[in-house]
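Okay, so here's the structure we're looking at.
The values are calculated or read from the model by the stated rules, or taken from the named source; none is laboratory data. Note that the structure is a prediction, hence the values are computed from the model and not measured. All Cβ positions, even for glycine, are placed from backbone atoms using ideal geometry, and neighbour counts span all protein chains on display. Calculation scope for accessible area: heavy atoms of the full protein, side chains included, ligands and nucleic acids excluded. Shrake-Rupley method; radii C 1.70, N 1.55, O 1.52, S 1.80 Å.
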Amino acid sequence: MNENLFASFITPMMFGLPLVTLIVLFPSLLFPTSNRLVSNRLISLQQWMLQLVSKQMMSIHNTKGQTWTLMLMSLILFIGSTNLLGLLPHSFTPTTQLSMNLGMAIPLWAGAVITGFRNKTKASLAHFLPQGTPTPLIPMLVIIETISLFIQPVALAVRLTANITAGHLLIHLIGGATLALMSINTTTALITFIILILLTILEFAVAMIQAYVFTLLVSLYLHDNT
């Protein structure tokens, strides 16, 4: 129980070099590809899930927006696999780092906004000033809409970081409490262990849901700008 509560969020090092790059590249090995005409069950399930998500997420887009399909599908696979990777014992979750999440959110948000200003300049500028706004409120509304626009990537990154970090902290705390209670009260330790198992199952669901929510919000930002 004397272990640093945030020790699992520290970037792992080896020989003084950070291992983040290797950890980020590792999930790509979890998605095998096949050149055969008839794929195995794992690849078939993977393709079916990708088709289901892409059909649901990209159905609202026009032709220009659908060109982002490959990028968005790659994004949801990357975030989902790194979130699940962090649930393994003695592992590291890159998506608990706000800097990494901002590094994903800002370029995607900027790409969507730049696309909007390039293809729909008048409509994009119209978002800063709703129609029928009284003249005295125009400067204030422009400032508010500008702030809300620039806060979108921050909200994306903070939402993902907070949800993943909170789940890992709960698992760490309940796991430590279970170990401490084993020598005090076996019945209470068993109850906390059952809670830990249920929380771990819930965290698996949260890992996938947060990957979907992050990608869906990027898709909605893109839809507003195409």
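Provide the gained length on full extension for the span residue 131 to residue 62, in nm with one decimal, where the gain is 0.36 nm per separating residue minus the Cα-Cα distance.
22.3 nm
Roughly speaking, to the nearest percent, how much of the stretch 53-126's 1.4 Å accessible area is carbon and sulfur?
After summing per-atom areas, the C and S share lands at 66 percent.
Can you compute the radius of gyration and Dmax for the stretch 142-226, using only the Cα atoms, both in Å?
That works out to 19.1, 62 Å for Rg and Dmax.
What order do you get for 158-168, 97-107, 61-71 when each peptide is scored by the mean count of other beta carbon atoms within 10 Å, highest first?
158-168, 97-107, 61-71
Tell me, in nm to one decimal, what length is gained between residue 91 and residue 110 on full extension, where the rule is 0.36 nm per residue of separation less the Cα-Cα distance?
On the way: separation 19, 0.36 × 19 = 6.84 nm, distance 3.16 nm.
Fully extending the segment from residue 91 to residue 110 adds 3.7 nm.
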